[in-house]
Amino acid sequence: MSAPMDSVRHDWQRAEIEALFALPFNDLLFQAASVHRQHFDANAVQVSTLLSIKTGACPEDCKYCSQSGHYNTELEKEKLLEVQKVLEEARAAKEKGASRFCMGAAWRSPRDKDMPYVLDMVRQVKAMGLETCMTLGMLTDEQAGELAEAGLDYYNHNLDTSPEYYSQIISTRTYNDRLDTLAHVRDAGIKVCAGGIIGMGEDRNDRIGLLQQLANLPAHPESVPINMLVKIKGTPLAEVDDLDPFEFVRTVAVARILMPESYVRLSAGRQEMNDQTQALCFMAGANSIFYGERLLTTDNPETNADRVLFQRLGLHALDPRQECSDEATEGALLDTVAARENPASGLYYDAMGKRPAKDVLKKRATEH
Ligand code: SF4
């Protein structure tokens, strides 16, 4: 069975997703790479940097997490960082080439007294010319509205796994709580970053279930992090069996096919992947990474190692100055589209390395 390659669907059936996973590896990668090239510049990778703004002592019991107060992981706890400290880190990230700055706090949900600090961080990081992303736990619709008003671009809230496997991983919040937060974020007009974690002892049915949930949301998350479990000593998942790296690549490929216009992000677990596995993930349609030496509290490949890998693979980071995401920049975007015209393929890409909507392409075509 082959998926339609040029449509964005929200009605994926389990059997269709199963069939994609079951394809011979090369066929699956070819299909995913073809979908990727229809919608993006296949050699452009969006780069984000992530900072933990409040670390550890989280009341939730996510079985994979070093920050949960339920497990003894010897993690050093930190209170909410001062706004100035966050701004210094954001400046450094920008200098290293990040276009988006993600700030994460180990909370069940933000308290009212935390909100003014968090909103201030959003305003000031945004004023530096960086896109902003936060992950603060569950949000009410009021909190989502406040973050939107402060100018937050993205909110991260993962579904983690399938609804069926979920109770094996977390007991302190429900799957529906997560879906509610995603709905509040979407309704507030903030872009959604939502994905999951692979290799937590789930089986392929659960990976299918997770991707089906994400792909059948009313709008696809703009960003879909696919994490490989990082086994943390002291957590209940510390000794779980390793996942076959090809199954991870398959999961990335299927995510790319199901959500063709989303940025599929290689997130936690890159440190444990060799360069070949990462290269296969890029080929399968991953086009976003976290860049920086720490990914919340787990190691991330050193920034220099990423630079070398990008050079070896001929990949380039999206230019933060070019990266644009709102209607107001359409004029500039169209100019960049024209500049990037590739006469050999007839393809156009916009400033985000993304294939513009058909009406934009049509407009360009009639102008030439
Ligand atoms: S994943 Fe988030 S909510 Fe869960 S324990 Fe860790 S910090 Fe808390």
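We did not get these values from a lab; they are worked out from the coordinates using the rules stated. These numbers come from a predicted model, not from an experiment. Because the Cβ atoms are built from the backbone with ideal geometry, glycine has one as well, and the counts that use them run over all protein chains shown.
Remarks
- Here each label is just a point 7 Å from Cα along the line to Cβ, and for PHE246 and ASP187 those points are 4.6 nm apart.
- Within region 14-317, percent of DSSP bridges classed antiparallel, to nearest 5: 10 percent
- Taking 0.36 nm per residue of separation and subtracting the Cα-Cα distance, full extension of the segment from GLU18 to ASN43 would add 6.2 nm.
- A straight chain from HIS10 to LYS79 at 0.36 nm per residue would run longer than the Cα-Cα distance by 20.8 nm.
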